[in-house]
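Every read-out reported here was derived from the displayed coordinates using simple, explicitly stated rules and does not represent laboratory data. Fair warning: this is a prediction, and the values are worked out from it, not measured in the lab. Note: ideal-geometry Cβ built from the backbone for every residue, glycine included; neighbour counts use all protein chains shown.
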2 protein chains.
Amino acid sequence: MREYNTEIISVGTEILLGHIVNTDARDISEMLSKIGINVKYHTVVGDNPERLRQCIETAKKRADIIITTGGLGPTCDDLTKFTLAEAFGVKLVMNEAEKKGLYDYIHPEMPFTENNLQQAMLPENCTVFHNTCGTAPGCAFEAQGKIVIMVPGPPKECNAMFALSAVPYLKSLSEEEIVSHSVRIFGIGESSVDQIFRDEMNVMENPTMAPYAKECDCFLQVTAKAGSRAEAEKMTGPVIEHIKERLGEYVYGIDVECIEEEVIKLLEQRKLTFSAAESCTGGEVAKRFTDIPGASSYFRGGVVTYTNEAKEKLLGIDAELLENYGAVSYPVAAEMAEKVRELLRTDLAVGITGLAGPDGDGVNEVGTVFVSLATENETFVRELHLGTGRSRSYIRRMSGNHAYDMMRRYLTGLKVI
Amino acid sequence: MREYNTEIISVGTEILLGHIVNTDARDISEMLSKIGINVKYHTVVGDNPERLRQCIETAKKRADIIITTGGLGPTCDDLTKFTLAEAFGVKLVMNEAEKKGLYDYIHPEMPFTENNLQQAMLPENCTVFHNTCGTAPGCAFEAQGKIVIMVPGPPKECNAMFALSAVPYLKSLSEEEIVSHSVRIFGIGESSVDQIFRDEMNVMENPTMAPYAKECDCFLQVTAKAGSRAEAEKMTGPVIEHIKERLGEYVYGIDVECIEEEVIKLLEQRKLTFSAAESCTGGEVAKRFTDIPGASSYFRGGVVTYTNEAKEKLLGIDAELLENYGAVSYPVAAEMAEKVRELLRTDLAVGITGLAGPDGDGVNEVGTVFVSLATENETFVRELHLGTGRSRSYIRRMSGNHAYDMMRRYLTGLKVI
């Protein structure tokens with residue numbers, strides 16, 4: 001099958017000023033990758049005809065499909081259509097159906113200005129993409145051996161038009177299906193994962209795998225192309241199995257976004273509840289868990305005990321224990337989890353106490369964190385030293401990941417610490 | 001002053017696949033616009049040396065400053081540095097200080113691999129940008145009449161390094177001083193702010209002001225250029241005063257990142273403490289506050305009472321009250337704040353109970369939230385209806401903003417509700 005290399009050109013000074021982030025290019029790229037079309041470049045250029053013209057010339061040299069976002073509306077900044085038409089030697093003609101649509105859409109609300117009509121001018125013989133969320137239509141045409149697609153800039157209009165009109169148009173050009181899965185990993189870093197698989201990855205063509213780093217974990221993306229979805233799916237299976245075999249218990253899930261999402265699934269399967277007592281993470285573990293809709297079925301609640309007094313008052317932790325061992329200690333972490341578990345009568349509970357920095361406590365180094373998991377029969381504690389050079393947000397997030405990782409391991413029968 | 005045209009090249013296949021959105025280019029563009037440097041192009045290219053080389057050649061023709069993001073880490077995909085060095089004919093040499101730093105940073109936790117060292121190879125005679133949030137250093141050098149800057153791809157690292165190292169480096173190239181202040185606003189939206197000031201903004205040249213929207217608040221950026229910092233500073237003063245006069249109590253702070261940062265300042269000035277009882281925000285209010293270093297001096301702790309049982313157990317809220325009014329109600333919100341205030345003996349306390357969605361409770365609409373503030377003499381409650389079409393994360397964040405806004409108003413003697 002022919003490979004279509006694609007370039008997305010986003011036209012808008014507001015992106016270059018940093019006022020908005022280019023979500024259009026992301027949304028389109030995601031949709032294209034799902035239908036097996038390679039995006040090779042994103043370009044952003046301002047509302048300037050000469051610079052846009054040059055970008056189109058560059059794109060003509062390196063891409064088969066050129067997609068533009070933005071610059072189709074009625075304001076004087078909107079020049080994409082005219083510049084593209086000129087660059088490809090196509091004529092713009094008034095599209096009567098779109099013209100009528102514009103009158104119907106705009107008339108009731110606002111004065112209909114001459115430049116509104118400009119939106120209904122479209123390349124001769126193009127495929128028209130009607131705008132379901134706004135006024136400016138988009139379109140596709142072929143010229144000079146290239147496929148050209150124009151969609152509007154406002155994210156909702158761009159996204160809807162691309163999904164409803166551009167994707168079907170492009171699919172009709174391809175006979176291949178693509179399937180992609182992400183294998184999520186916690187406990188070893190991206191560079192180790194890369195080293196383990198590098199030799200294999202270098203020679204893989206279809207399916208492929210590639211490592212990606214997140215702030216506190218990483219994943220391997222496995223992608224296959226084939227004549228049918230089922231066939232592509234079948235090709236990814238053995239690669240995923242192979243990764244699981246090599247990385248063992250470091251693999252925490254497939255196609256989940258984060259470790260807490262996997263933990264929710266496990267709690268759901270086993271109909272178990274949990275609670276949390278947090279010191280240095282300051283509510284982040286609870287917050288991350290409750291980011292996920294439906295968390296209330298598994299998460300009963302928690303306490304944020306940011307001071308010794310709060311640990312005594314909210315959890316009933318012995319002043320003596322705090323005195324003898326210090327707040328950042330193994331026994332205090334264990335007690336925190338045990339006490340909140342009793343208090344809220346949950347199956348599991350986690351406790352976190354440590355130093356997220358920038359200041360230390362005079363005893364422990366910044367990055368020292370004790371993470372505990374209390375269960376019916378046993379309490380586990382992990383002692384972490386996350387490094388004095390790490391940011392507060394890294395230490396907090398990583399501590400949370402360890403708490404979730406301990407839950408995940410406990411719930412799947414793996415060694416917890 | 002010379003005009004520096006800038007191109008930002010982001011290197012990363014994950015952006016072209018639509019896995020992530022290119023926030024790096026946005027963040028950098030925003031920072032550059034504040035120091036008066038024009039961004040003319042954004043380019044995204046995959047982890048492919050030949051295509052990257054071609055993009056660099058294109059950039060050389062149309063930009064004076066070339067900034068790359070991504071491709072500095074230890075994996076085999078990371079090739080920006082080598083390709084740039086080759087394109088500009090500069091030699092890479094091992095930077096001993098960064099090499100040592102890498103050992104210290106990585107050693108405690110993970111195996112130190114050979115390809116980690118690659119990160120400390122830097123262009124000869126470059127200005128090194130130390131990475132305060134990760135391992136890979138960045139750098140800047142001048143060659144072939146161009147200024148070249150490399151920063152890492154992970155957004156936090158990119159953002160911090162650009163702000164701390166690249167901006168001062170670029171500022172030193174210009175003889176003009178630019179001063180920029182952001183006037184932060186909560187309670188009215190960006191479009192209203194835009195409408196109020198539009199006519200003035202259109203005719204302003206130096207200083208300028210421009211409105212920006214954040215997820216749950218907005219700000220006006222006031223920027224002045226002059227021969228000296230003091231002079232530029234003096235020019236911004238009257239504009240800021242004018243904005244404060246027009247918007248009154250909606251202005252919550254100058255040059256703060258978020259409303260909680262302003263609240264911390266106010267608590268610090270008045271030597272007061274606070275605590276929080278959260279239901280639908282699930283720990284987010286505590287988490288946001290404790291994101292800020294030093295929060296432990298003002299924030300004693302909190303509870304996350306995600307179920308009725310947790311509200312009874314942790315706070316001692318009457319089962320009858322919950323029964324009669326429902327968990328999402330005015331009196332329950334008031335009690336939550338009052339009880340946590342008593343329990344942790346703080347000066348102030350906030351309580352939040354509501355429906356973040358997607359599911360409702362059969363009584364209240366999604367987006368219904370009661371936010372309370374308990375003080376020594378009085379308890380205030382705001383009833384919010386944040387809209388059924390809003391996302392869970394918006395409702396949670398906005399509820400938190402209201403809690404902080406009530407504290408801010410109380411602490412500055414404004415009307416709280």
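Laid out as a table, the results:
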{"item": "Most fluctuating residue given options B:I292, B:I37, B:I352, as computed from a GNM of chain B linking Cα atoms under 10 Å", "result": "B:I292"}
{"item": "Environment charge at B:N401 (Cβ cut-off 9 Å; Lys +1, Arg +1, Asp -1, Glu -1)", "result": "-2"}
{"item": "Using a Förster distance of 56 Å, the FRET efficiency for A:E320-A:N202 (Cβ separation, nearest 0.05)", "result": "0.40"}
{"item": "Rounded to 5, the percent of DSSP beta bridges in region A:259-411 classed as antiparallel", "result": "55"}
{"item": "Per-copy distances of the B:K91 label point, shortest first, in nm (7 angstrom along Cα→Cβ)", "result": "6.3"}
{"item": "Other copies of A:E231: label-to-label distances in nm, shortest first, labels 7 Å along the beta-carbon direction", "result": "7.1"}
{"item": "Candidate aspartates and glutamates for bridging to A:K313, where Cα separation is under 12 Å - those fewer than 8 sequence places away on the same chain excluded", "result": "B:E342"}
{"item": "Residue mean of other protein chain beta carbons inside 10 Å, B:35-45", "result": "5"}
{"item": "Label-point separation in nm, A:K234 to B:E50, each point 7 Å along Cα→Cβ", "result": "3.3"}
{"item": "Exam field: B:D104 pseudo-label spacings to other copies (7 Å along Cα-Cβ), nanometres", "result": "6.9"}
{"item": "Of the trypsin sites (Lys or Arg not before Pro) in region A:286-388, those whose Cβ has at most 14 other Cβ within 10 Å and which sit in DSSP loop", "result": "A:R345"}
{"item": "Region B:229-295, dipole about Cα centre (Lys/Arg Cβ +1, Asp/Glu Cβ -1), debye to the nearest 20", "result": "160"}
{"item": "Paramagnetic reach from A:E86 in region A:122-152 [backbone N under 14 Å; point 7 Å along Cα→Cβ]", "result": "none"}
{"item": "Counting DSSP beta bridges with both ends in chain A, the antiparallel % (nearest 5)", "result": "60"}
{"item": "Charge sum, other residues only, whose C-beta stays under 13 Å from A:G294's C-beta, Lys/Arg counted +1 and Asp/Glu -1", "result": "-3"}
{"item": "Max mean-square fluctuation residue, GNM over chain B, Cα-Cα springs under 10 Å, options B:G302, B:G367, B:G145", "result": "B:G145"}
{"item": "Average beta carbon contacts from partner chains per residue of A:384-390, 10 Å cutoff", "result": "4"}
{"item": "B:R62 paired with A:L173, simple spin-label distance in nm, labels 7 Å along Cα-to-beta-carbon", "result": "2.1"}
{"item": "Dipole moment magnitude, nearest 20 debye, the protein assembly as shown about Cα centre, only Lys, Arg, Asp, Glu C-beta charged", "result": "720"}
{"item": "Virtual paramagnetic centre 7 Å along Cα→Cβ of B:V256, amide N under 17 Å, in region B:383-417", "result": "B:398-417"}
{"item": "Antiparallel DSSP beta bridges within the protein assembly as shown, as percent of all bridges there, nearest 5", "result": "65"}
{"item": "In order through region B:375-389: 3J(HN,Hα) via Karplus (6.51 cos²θ - 1.76 cosθ + 1.60), integer Hz, x for Gly, Pro", "result": "10, 4, 10, 8, 10, 10, 10, 9, 9, 10, 10, 8, x, 6, x"}
{"item": "Within a Gaussian network of chain B (alpha carbon springs, distance under 10 Å), most fluctuating of B:Y103, B:Y394, B:Y212", "result": "B:Y103"}
{"item": "Residue-averaged 222 nm ellipticity for chain A, from DSSP H runs of 4+ at -39500 (n - 2.57), nearest 500", "result": "-12000 deg cm²/dmol"}
{"item": "Highest-first arrangement of A:54-62, B:43-51, B:271-279, where packing means the average Cβ count within 10 Å", "result": "B:271-279, B:43-51, A:54-62"}
